[in-house]
1. Failed condition for ILE53, given (1) at pLDDT 95 or above; (2) within 12 Å of the chain's Cα centre (by Cα); (3) not in a helix (DSSP H, G or I), with all others met?
2. When you go through (1) of a type in the set (A, V, I, L, M); (2) part of a loop (DSSP other than H, G, I, E, B); (3) exposed (fewer than 15 other Cβ atoms within 10 Å of the Cβ) one by one for VAL66, which number turns out not to apply?
3. Does any residue in segment 10-25 that is surrounded by fewer than 15 Cβ atoms within 10 Å (Cβ to Cβ) come within less than 7 Å, Cβ to Cβ, of a residue that is of a type in the set (Gly, Ala, Ser) six or more places away or on a different chain, and which pairs are these?
4. Can you name every residue in segment 1-49 that is over 14 Å from ILE69 (Cβ atoms), of a type in the set (A, V, I, L, M, F, W, C) and in a helix (DSSP H, G or I)?
Amino acid sequence: MNAHLEDKYFLVGDSVTTADLFAAGPLVMAFQTVFDAKFRKSMPHFSQWFERIVGLPSFVRRNGYVILI
C-alpha cells in the first residue's frame, strides 16, 4: 500500500472514491491500537493517505473523528 501511494494522493484517480473510504474504514482500529508512531514513520505514504481519508468531512460524518495516539 505504501509503494502504491508513493506518487498518488488517493487509491484510484485524482479525487476521493469509495475505494478510499472502504479501504480506510477497517484500518481505523489498527491505526488506533497496532500501527504506532514507528510503523507510521516507516510507511509515510500509507499513513498520510489514511490520515487524509479519515479527516474528510464525508468520513467524519459517517464514522466520527478518528483519534490517533
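The values are calculated or read from the model by the stated rules, or taken from the named source; none is laboratory data. What you see is a predicted model, and the numbers here were worked out from it, not measured in a lab. Note that each Cβ is placed from the backbone with ideal geometry, even for glycine, and that neighbours are counted across all protein chains shown.
1. (3)
2. Here VAL66 meets the rest and fails (3).
3. VAL12/ALA19
4. Within segment 1-49, ALA19, LEU21, PHE22, ALA23, ALA24, LEU27, PHE46, TRP49 meet the criteria.
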